[in-house]
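The next block holds one structure in the form of structure tokens; read it before the comments.
The values are calculated or read from the model by the stated rules, or taken from the named source; none is laboratory data. Because the structure is a prediction, the values reported are computed rather than measured. When we count neighbours, we look across all protein chains shown, and the Cβ atoms used for this are built from the backbone with ideal geometry, even at glycine. For accessibility, only protein heavy atoms count, side chains too; no ligands or nucleic acids. Shrake-Rupley method; radii C 1.70, N 1.55, O 1.52, S 1.80 Å.
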Amino acid sequence: MSDTAEKVKKIVVEHLGVEESKVTTDASFIDDLGADSLDTVELVMAFEEAFAIEIPDDAAEKITTVKDAIDFIEKAKA
Amino acid sequence: MTALFRLDGKAALVTGATGGIGAAIARALHAQGARVALTGRRESELAALAAELGEGAFVLPADLTDPEAPAALIERMEAELGACDILVNNAGMTRDGLALRMGDKDWADVLEVDLTAPFRLARASLRGMMKRRSGRIISIASIVGVTGNAGQANYAAAKAGLIGMSKALAQEVAPRGVTVNVVAPGFVATAMTDVLNDTQKAGLMGRIPLGRMGQPEDIAAAVVYLASPQAGWVTGATIHVNGGMAMI
């Protein structure tokens, strides 16, 4: 697993208070991990801070799974 | 029993702190133990108030008509005196005139200062508040935002807007322990109401059951309550402080 993936999963675990084993790459924040819309906004803010990137609103809307987040961040940092 | 309404260890930002009500709010929050950031456009008056309050008062001049100012202000506050626990949107302006003769600029300027700037400040301060799972946003609206007032279409719209905005924000951030409330003053003796002539003032007095104009301290007391830990179960509310002029 890449560093980014590991860091993303850690943030998700911390923010949503879910078990690490549930945070699979394909897990959807809302459908699988019980996040609400406010949680997803907070998650995006947390990613922005942790990775020192900016996630525009239209991109943020498309980040619905752990994989979406990892892909976006890896692309943004590349 | 612990003392009620104490704000020790909290930091508050008060906009429009040079005005009558704003200064009274800053004094009252400070007296309860909060550190206060005083914001306004007249730096010398802010400095005089800070000197009067002494330790725990900070001068942060800002021109809230600048769209970038609110976010920068919250950032500066966090750097100089710590996280913003309490935001008091008090700054406001009037530019009265009958609607038939009210220019677009008079409408837009009042909406910008009285409604848009408070929204931007709320948005900027919410980020930290949500993270900390606590915070208080208190906006000073006006009785005319609920009752209307001839000659104040712009001001009444902005103040009514503050009430609606606060209710929406309150619902959004309640799960994070942040409360959003409004204080709606009636006619308070300040520079803003000094412009009324004696006949207007006498007319007003006849409509205030408690028989006097409000004092800035009457408004500040309501703000202190909403800012305090004791108001933790109050959100989306509007407290009317108007001498009974409108019982709503």
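Estimated at the nearest 10 Å², the accessible area of residue B:130 is 20 Å² with a 1.4 Å probe. In the protein assembly as shown, a dipole from Cβ-located charges (positive for Lys and Arg, negative for Asp and Glu) runs towards its positive end, and of B:233, B:130, A:46 it is B:233 whose Cα lies farthest in that direction.
Projecting the Cα atoms of B:110, B:71, B:222 onto the charge dipole of chain B (Cβ charges, centred on the Cα centre) puts B:222 farthest toward the positive pole.
Here the simple spin-label model places points 7 Å from the Cα toward Cβ, and for residue A:45 and residue B:43 these points are separated by 3.1 nm. Counting only residues at least eight positions apart within a chain, or on another chain, the lysines with an alpha carbon under 30 Å from that of residue A:75 are A:7, A:9, A:10, A:22, A:62, A:67, B:131. Give me the percent of accessible area attributable to carbon and sulfur for the stretch A:3-77, probe 1.4 angstrom. Its accessible area is 47 percent carbon and sulfur atoms. On a C-alpha basis, how far is the centre of the stretch A:62-78 from the centre of the stretch B:121-181 in Å? Whole number, if you could? Using only Cα atoms, the two centres lie 34 Å from each other.
The H on the amide N of residue B:188, modeled in the peptide plane, is under 5 Å from the matching H of B:214, each at least 5 residues off or on a different chain. Here the label points at residue A:14 and residue B:111, each 7 Å from Cα along the C-beta direction, are separated by 4.1 nm in the simple model.
Label separation (residue B:168 vs residue B:191): 3.2 nm, computed from points 7 Å beyond Cα along the C-beta direction. In chain B, which longest range has no GluC sites (Glu not before Pro) that are both DSSP loop (not H, G, I, E or B) and surrounded by at most 13 other Cβ atoms within 10 Å? Longest site-free region, per DSSP loop and neighbour criteria: B:69-248. The sum of -39500 (n - 2.57) across all DSSP H runs of n ≥ 4, divided by the residue count of chain B, sets its helix-only mean residue ellipticity at 222 nm to -13000 deg cm²/dmol. For the stretch A:3-77, averaging the sequence separation of C-alpha pairs within contact (under 8 Å, six or more residues apart) and dividing by the residue count gives a relative contact order of 37 percent. Entry note, chain B: relative contact order of 21 percent, from Cα contacts under 8 Å with a spacing of 6+ residues.
The trypsin sites (Lys or Arg not before Pro) of the stretch B:17-69 meeting both criteria, a DSSP state outside H, G, I, E and B (loop) and at most 13 other C-beta atoms within 10 angstrom of the site's C-beta, are B:42.
Just the number please: accessible area per residue for chain A, 1.4 Å probe, all protein chains included, in Å².
Working: 4650 Å² over 78 residues.
Per residue, chain A has 60 Å² of solvent-accessible surface.
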